[in-house]
1. For Lys251 and Ile210 in the same chain, what is the full-extension length gain: residue separation times 0.36 nm, less their Cα-Cα distance, in nm?
2. How high is the relative contact order of the range 171-265, in percent, counting Cα pairs under 8 Å that sit 6 or more residues apart?
3. How far apart, in nanometres, would the label points at Leu141 and Gln105 be if each is projected 7 angstrom from Cα along the Cα-to-Cβ direction?
4. Which one, Gly250, Ile210, Val134, is farthest towards the positive end of the dipole of the chain when Lys and Arg carry +1 and Asp and Glu -1 on their Cβ?
5. What is the chain's relative contact order, in percent, from Cα pairs under 8 angstrom and six or more apart in sequence?
6. What list of ³J(HN,Hα) couplings, whole Hz, do you get for the range 13-29 from phi and the Karplus terms 6.51, -1.76, 1.60, once you set θ to phi - 60° and write x for glycine and proline?
7. Measure nothing but the geometry: give the 0 to 90° angle between the long axis through the Cα atoms of 163-176 and the longest principal axis through the Cα atoms of the chain, rounded to 10°.
8. Which whole-number percentage describes the relative contact order of the range 48-159, with Cα contacts under 8 Å and a sequence gap of 6 or more?
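Throughout, read-outs are computed from the coordinates displayed, never taken from laboratory work. What you see is a predicted model; the values in this text were computed from it and never measured. No Cβ is skipped: glycine too gets one built from the backbone with ideal geometry, and neighbour counts run over all protein chains shown.
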Amino acid sequence: MKSRLIVNGAAGRMGRRIVALSCEDGGFEIVGAAERGDHPEIGRDAGVLAGVGEVGVSLGSEYPSDADVMIDFTWPGVTDDVIAHCVSNGISLVIGTTGLSDEQQEGLVKASERIAVVYATNMSVGMNVLFTLVAKAAQMLGEEYDIEIVEAHHRFKKDAPSGSALSLAESVAEATGRDWPGCLVHGRQGGDALREKGSIGMHAIRGGDITGQHSVIYSTLGETVRLSHDAHNRDNFVHGALRAGLWLRGKEAGMYTMKQVLGVE
Ligand code: NAD
C-alpha cells in the first residue's frame with residue numbers, strides 16, 4: 001500500500017524535487033501539494049510544475065486531513081501550523097525546514113508524544129552515514145592522528161563553516177571526549193600557528209557553484225586517511241526525506257533521527 005503524502009512548500013526548490021522523486025519512487029501517492037495562499041502557481045498541477053507531468057493534485061493553500069505523512073521544506077513561519085495540523089489529524093511528519101526556534105523544537109518534541117516525527121537539518125543519506133563513520137574512525141585511529149575538516153560551498157553561502165561541517169566535528173569530539181566547541185581551530189594564520197594536539201582544524205572554501213563538499217582528514221606520521229562526501233545536487237536531501245517518509249509508515253509516535261531511519265541507532 002502506498003503512503004499518502006502531503007508535500008508542503010510544493011513549489012519550492014526542495015518541494016518540486018520531492019514531488020518529482022516521490023512520483024518515481026512508487027511508494028507514495030501524493031494527496032496534497034501545499035503552498036502559501038498568494039503563490040502565483042496556486043491551482044496548477046503539482047506534477048506539471050515539478051516537470052514530471054500531471055499527478056492530478058493541484059497546488060493549494062489547505063492541507064488535506066486524510067494522509068499518512070507530510071514532508072515539509074518551507075520556513076519556520078509555517079512550522080506551528082504544520083505541527084498543529086499533523087497532530088490533530090494523526091499524520092506523521094518529516095520536517096527538513098531549518099532555523100526552527102528553541103520553542104518550535106520543543107513543540108516538535110511535544111508533538112512526537114502523539115505522532116511520529118523525523119526532524120533533521122541535514123537529510124542527506126550520505127552525510128548521515130558520514131556522521132557515524134567519522135566518529136568511528138576517530139575512535140579507531142586514536143589520538144596520534146591530527147583531525148582537520150575541509151568544506152567547500154558555492155560563493156553565495158553566507159555562513160561558514162557549514163552546519164554539516166560543525167556536525168561532523170561535533171560527532172568526532174563527542175566520540176573522542178574532546179572539549180566541544182573548545183577543540184575547534186578555525187583556519188590557521190600567522191607566525192605562531194603551530195598545531196595544538198587534540199584540536200580539530202576547520203577550513204571553509206567558497207567558490208563558484210560548488211554544491212557541497214566535506215572531507216575529514218586524519219593524518220599522522222606515515223599516513224593519512226580521508227573520509228569525504230560530495231553532494232552533486234539537492235536531490236541527496238530529497239532521497240533522504242523520502243526514505244524517512246517511507247520508514248515512518250506504521251511507526252509509533254516518537255521523535256526519530258536520520259540515524260534511526262538508516263538503521264544505525
Ligand atoms: P524555497 O524558498 O525554494 O521553498 C520554500 C517554499 O515554501 C516556497 O515555495 C514558499 O512559497 C513555501 N511556503 C511559504 N509559506 C508557505 C506556507 N504557508 N505554506 C506552504 N508553503 C509555504 O526553499 P528551499 O530551498 O526549498 O528550502 C526550504 C527549507 O528547507 C529551508 O528551511 C532550507 O534551509 C531547508 N533545507 C533543509 C535541508 C535538510 O536536509 N534538512 C536541505 C535543503 C533545504
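1. Working: separation 41, 0.36 × 41 = 14.76 nm, distance 3.69 nm.
Between Lys251 and Ile210, full extension yields an extra 11.1 nm.
2. Details: 58 pairs, mean separation 14.2, N = 95.
After rounding, I find 15 percent.
3. So the two model labels end up 2.8 nm from each other.
4. Ile210
5. Details: 512 pairs, mean separation 52.6, N = 265.
Computed over the chain, the figure is 20 percent.
6. In residue order, the calculated couplings are 4, 6, x, 4, 6, 4, 4, 4, 6, 5, 5, 5, 4, x, x, 10, 10 Hz.
7. So the inclination is approximately 60 degrees.
8. Result for the range 48-159 is 20 percent.
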